[in-house]
Amino acid sequence: MLYSDILITLFVSDGWAFKNNIAIKTHQNLQDRMKAAQFLLKEHPLCPVVLDTMENLSSSKYAALPERLYVIQGGKVIYKGDVGPWNYHPQVVRQVLEKLH
């Protein structure tokens, strides 16, 4: 069985952001975060949308730093990627996953 833990960070439009990103301003309170989550849900994302506290407790406890891609099967790591985000090789992860089927 494959498990996927995805940490998604929204890059706000009035801070550091990718070009062509969804424009969401920095959250000033939890209601702002809830509105942003509702906006994202309308886009039908392929992953769950969850909210962190304004203190970013989940992010601080479970942040994936340095980021890395893994494939785990039967409790054993069968692929360990390079440190990301700049050294990601998702095409290699895809090849590993395709070989499993």
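Worth pointing out:
- Annotation: A64 fulfils all but one of (1) modelled with pLDDT of 85 or more; (2) farther than 23 Å from K35 by Cα; the unmet one is (1).
- For region 55-81, a residue qualifies if it is outside any helix (DSSP H, G or I), within 17 Å of the chain's Cα centre (by Cα) and either surrounded by 13 or more Cβ atoms within 10 Å (Cβ to Cβ) or in contact (Cβ under 8 Å) with a residue 12 or more places away in the chain (or both), and the qualifying residues are A63, A64, P66, E67, R68, L69, Y70, V71, G81.
Here's the yes/no breakdown for (1) modelled with pLDDT of 80 or more; (2) among the hydrophobic types (A, V, I, L, M, F, W, C); (3) within 30 Å of K99 (Cα to Cα):
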| site | (1), (2), (3) |
| --- | --- |
| S13 | no, no, no |
| N21 | no, no, no |
| L30 | yes, yes, no |
| A36 | yes, yes, no |
| L41 | yes, yes, no |
| Y79 | yes, no, yes |
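The values are calculated or read from the model by the stated rules, or taken from the named source; none is laboratory data. Note that this is a predicted model, so its numbers are computed, not measured. Quick reminder, even Gly has a Cβ in these numbers, built from the backbone with ideal geometry, and neighbours come from all protein chains shown.
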